[in-house]
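Written below as structure tokens is the structure these notes are about.
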Amino acid sequence: MDRESYNGEEDERGNFISPNSTNQIHRSTFEIGKFKTCFVRDFTSNKKYLFAICIPLLLIFIVYSVDLPHIFPTFSTVHVNSHGSNRMQESELQALYLLRNQQLALFNLWNRTLTYSKCNSSNSNLNSSLDSNSTHQIDDCSPSISFDDFRSALLNQIKLNKEIQQTLLSVHHAGNTSESVAENVGPALGSFSLNTCQKADRTVGRTIEWKPKANRYLFTICLSGQMSNHLICLQKHMFFAALLNRILVFPSPKFDYHYSHIIDFNQINKCFGRKVVISFEEFVEIKKNHLHIDRFICYIAVPPCFVDNEHVKRLKSLGLSMGKLEAAWPEDAKSEEAKKRVIGDIMPKFSCDDEVLAIGDMFYANVEEEWVMQPGGPLAHKCQTVIQPSQLIVLTAQRFVQTFLGVNYIALHFRRHGFLKFCNVKKESCFFPVPQAAECILRVVERANAPVIYLSTDAAESETDLLQALTMRNSKTIPLVKRPGHSSSKWDALLYRNHISGDDQVEAMLDKTICAMSNVFIGSSGSTFTEDIFRLRKDWGSASVCDEYMCQGEQPDFIADTE
């Protein structure tokens with residue numbers, strides 16, 4: 001309150017007597033005794049009127065004389081005017097909106113704990129009715145919410161309550177007083193932190209040694225899908241090469257992708273401590289003028305090895321010759337689904353002494369699936385993972401994270417292009433409306449407590465704009481950061497200087513690397529791009545217990561008819 005001074009001026013008022021009055025009182029300057037007697041008599045008879053006048057004057061004097069702001073630091077004068085009234089109304093409406101959000105969140109938390117409470121109660125009653133010697137226990141009910149999730153949700157509500165108080169106090173401005181009050185509402189929450197998205201355990205099962213024989217080769221052929229499919233195919237080729245004790249020959253860039261731009265080719269041999277893979281150029285140098293596939297045994301029966309006439313022509317254009325394609329299991333041609341195989345099925349069919357062997361595309365091969373896809377893969381080596389992004393891509397991803405994201409971010413692979421039709425022919429569709437997707441994303445944000453989301457997507461701008469508009473937490477927008485093109489910020493200078501900037505496959509691998517480095521990852525079910533990110537996260541040890549597919553366990557709330 002601004003202190004106002006009291007002027008201390010006295011009102012000079014005469015005692016006016018009516019000229020017509022007959023009871024005039026004449027007082028002499030020297031008639032002191034008479035004046036005193038008269039004054040006392042008047043005061044005694046009219047003291048109640050005197051008190052009525054003096055008390056308000058005394059209160060006014062106190063108000064204007066005492067330094068109230070000094071005595072009461074939080075005391076402030078609210079100047080009510082049209083502008084202040086509007087600001088107060090806005091803050092109240094915002095506070096009501098936040099209170100409603102808090103009510104809904106607390107009600108949802110109550111429902112989740114109530115389900116578990118009822119479940120435990122019913123189990124207790126049922127178990128108590130069983131014979132004491134019975135070994136039956138009712139344990140079908142699992143908690144709807146974990147204790148860590150409950151603590152996290154409770155802490156978020158405490159923070160939201162503080163925000164509501166700050167919103168209501170923000171309208172009262174008097175110097176810095178109200179600001180200090182708003183900043184000190186409740187306990188300081190900066191020291192409170194609860195991470196419910198801990199790193200997942202990295203457990204490695206059995207592994208086998210890869211010790212290839214000299215002059216025995218397995219020729220890699222990967223044809224189906226895009227780069228992510230080819231990398232899965234490449235992993236399975238490595239597994240087969242280790243089983244059959246052969247050196248793996250990478251395909252030519254003229255027939256397949258330019259792998260040396262994307263993965264750390266030389267690192268693979270370092271991981272195993274011996275020569276286990278060679279490039280096509282090395283293979284040509286070794287074989288000189290005799291580039292021939294001695295045996296072509298197809299793992300996939302139909303179409304044979306996934307190699308059609310067009311691909312045969314392309315292989316021959318490289319100077320390769322080959323014999324007739326033969327199927328390892330001709331009976332598979334009548335089967336609609338790939339049959340599961342184990343090592344015992346593989347060895348009798350593919351073990352041979354031919355110098356160069358090819359088995360065709362392995363993407364759809366279902367061989368020891370859990371073993372092959374375990375963290376680090378099925379082979380014994382000295383690295384975290386064998387197939388990983390090149391060092392240039394890893395460094396570029398780190399520079400991007402340092403520039404735009406920071407240490408705590410969620411990565412989202414939001415696959416859309418061509419996904420609507422692909423998902424809707426599946427038993428459970430994986431294409432979600434944007435508003436439903438936003439709700440699912442916000443649930444993960446609530447658990448991870450991350451301020452920013454990295455968005456890897458092929459969605460149209462109209463979809464990402466809507467997703468951004470709906471991605472809000474406690475009335476604040478959570479930024480969706482997309483990787484920009486080459487700019488002067490120099491975070492991508494390494495790719496630019498090495499002339500691989502703008503390569504679609506390099507940029508796709510860069511996106512995967514940024515996603516793999518995140519605290520939490522949300523993927524698109526059915527996408528091999530997502531699966532390769534999950535593989536990297538498991539291998540690098542960056543996988544989180546909060547990692548999941550978008551809207552995992554849900555169905556789209558609306559599904560279009562099929563054609």
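The values are calculated or read from the model by the stated rules, or taken from the named source; none is laboratory data. This one's a predicted model, so the numbers in the text were calculated from it and none came from an experiment. Please note: Cβ atoms are built from the backbone with ideal geometry, for glycine as well, and neighbour counts cover all protein chains shown. Each accessible area value is taken on the protein alone, full model and side chains, heavy atoms only, with ligands, DNA and RNA left out. Shrake-Rupley method; radii C 1.70, N 1.55, O 1.52, S 1.80 Å.
Structure notes:
- With q set to 0.19, 0.23 Å⁻¹, the log10 of I(q)/I(0) for the range 267-369, from the Debye formula over equal scatterers at the Cα positions, is -1.12, -1.31.
- P(r) weight above 14 Å for the range 353-430, C-alpha pairs, percent: 81
- Spin-label pair SER224/ARG399, simplified geometry with 7 Å Cα→Cβ offset, distance in nm: 3.8
- Pairwise label distance in nanometres, VAL452 with LYS316, each label 7 Å out on the Cα-Cβ vector: 5.5
- Ordering 449-459, 416-426 by mean Cβ neighbour count within 10 Å, with the highest value first, yields 449-459, 416-426.
- Two-decimal Rg to Rh for the range 204-310 - Kirkwood Rh, Cα set: 0.94
- Counting every pair of alpha carbons in the range 407-563, the share spaced more than 24 Å apart comes to 35 percent.
- Neighbours of CYS233 by Cβ distance under 15 Å: Lys/Arg scored +1, Asp/Glu scored -1, total -3.
- Ranked packing of 553-562, 327-336, most packed first, by mean Cβ within 10 Å: 327-336, 553-562
- Here is the tail figure for the range 322-375: Cα pairs spaced more than 16 Å apart come to 52 percent of all pairs.
- Packing here is the average count of other Cβ atoms within 10 Å per residue, and on that basis the peptides 269-279, 525-535, highest first, run 525-535, 269-279.
- Accessible-area ranking of TYR259, TYR549, largest first, probe 1.4 Å: TYR549, TYR259
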